[in-house]
Structure formats: C-alpha cells, structure tokens
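For reference, the structure discussed in these notes is given below.
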Amino acid sequence: QVQLVESGGGLVQPGGSLRLSCAASGSTYAMGWYRQAPGKQRELVATITRGGSTNYADSVKGRFTISRDNANNTVYLQLNNLKPEDTAVYYCYARHQYSGYPNYWGQGTQVTVSS
C-alpha cells in the first residue's frame, strides 16, 4: 500500500502561481494529478512516468509543469498563469505500470483562483 501526502494548495489571484507537492511512501510507475471542480467530474490534469514521460490536459498545456523526484518518490505540479477556471480540489494519484487506472489517491488540496 502506497500513501500519498499532498501540500501546496491555497488562494491565489488570476495570473498567479502555485506549486503542489505530493510525497509517496513507496515507488510507483506513474504519478500525477487530477482535479475536481464543484459540480464537475474529476479530470486528469497531468501525468509523469518514472522515466520522465509527461502528458497534460489541453486546458493546462503551456501553463502547468509536472516534474518528479524519483529518489524521494515525490511529484510536483507547477501552476502558472492561473485562471479562475483552474479552481478545484487537486488530487495526487499514483499507479502501477500495468494498471489502467489510479491505484492510490492523495487526500486532495484546494486551489482557489480569485481576485
């Protein structure tokens, strides 16, 4: 069982930046972030594999950057040029190599973009 602990959410003005962190208690193949806004379905934001391959939702390309520290089993999400529509609870996830879905979830961290 892998446990995920997130940090870094908060309130920021439009155009601002935040950095989310997620520390895992063990190694997994892929890690990343989903988000869920009120009244909406949870959506995949970004993923990074152990080898460094990344994938982003179209809505965040060019603004968010995912990175990973394999030695410390930690994944980061740098959120730049934030927009009000980025407001959501952001959930860290991790999955094993041959799993088609997340195996583990973090507790979620709130990101609010508002003036």
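When the chain is treated as a Gaussian network with alpha carbon springs shorter than 10 Å, the biggest mean-square fluctuation among Lys83, Lys40, Lys61 belongs to Lys40. Can you bin the range 1-43 into rounded, prolate or oblate? Criterion: square roots of the alpha carbon gyration tensor eigenvalues sorted a ≥ b ≥ c, rounded for a/c under 1.5, prolate for a/b above b/c, oblate for the rest. Note, shape of the range 1-43 comes out oblate. Sequentially through the range 20-26, phi angles give Karplus couplings (6.51, -1.76, 1.60; θ = phi - 60°) of 9, 10, 9, 9, 9, 7, x Hz, Gly and Pro residues having no value and appearing as x.
Sorting Asp69, Asp86 by accessible area puts them as Asp69, Asp86; the probe is 1.4 Å, largest comes first, and only protein heavy atoms count.
Each residue of the range 90-96 was assigned a 3J(HN,Hα) from its phi angle through the Karplus expression (A = 6.51, B = -1.76, C = 1.60, θ = phi - 60°), giving 9, 10, 6, 9, 9, 9, 7 Hz with x at Gly and Pro. Here the contact order of the chain, divided by its residue count and restricted to Cα pairs under 8 Å and six or more residues apart, works out to 36 percent.
Roughly how many percent of the accessible protein surface of the chain is carbon and sulfur, given a 1.4 Å probe and a whole-percent answer?
Details: 2670 of 5990 Å².
Reported share for carbon and sulfur atoms: 45 percent.
Amide H contacts under 5 Å for Asn103: Ala94, Arg95, His96, restricted to partners 5 or more places along the chain or on a different chain, H placed in the peptide plane at 1.01 Å from N.
Farthest toward the dipole's positive end in the chain, which of Gly15, Asn72, Ser53, given Cβ charges of +1 (Lys, Arg) and -1 (Asp, Glu) about the Cα centre? Comparing the listed Cα positions along the dipole, Ser53 ranks first. Looking at the chain as a GNM with Cα springs under 10 Å, which of Tyr56, Tyr34, Tyr98 has the largest mean-square fluctuation? So, out of Tyr56, Tyr34, Tyr98, the one fluctuating most is Tyr98. A Gaussian network model of the chain, with springs between Cα atoms under 10 Å, assigns the largest mean-square fluctuation among Gln41, Gln97, Gln13 to Gln41. Annotation: per residue accessible area for the chain equals 52 Å², rounded to a whole number [probe 1.4 Å, protein chains only].
What is the Rg over Rh value, at two decimals, for the chain, using alpha-carbon atoms and the Kirkwood definition of Rh?
Details: Rg = 13.2 Å, Rh = 13.9 Å.
Reported Rg/Rh, Kirkwood definition of Rh: 0.95.
The values are calculated or read from the model by the stated rules, or taken from the named source; none is laboratory data. The model shown is predicted, which means the values in this text are computed figures rather than measured ones. Every residue, glycine as well, gets a Cβ built from its backbone with ideal geometry; the counts of neighbours run over all protein chains shown. Heavy atoms of the whole protein, side chains included, go into the accessibility calculation; ligands, DNA and RNA do not. Shrake-Rupley method; radii C 1.70, N 1.55, O 1.52, S 1.80 Å.
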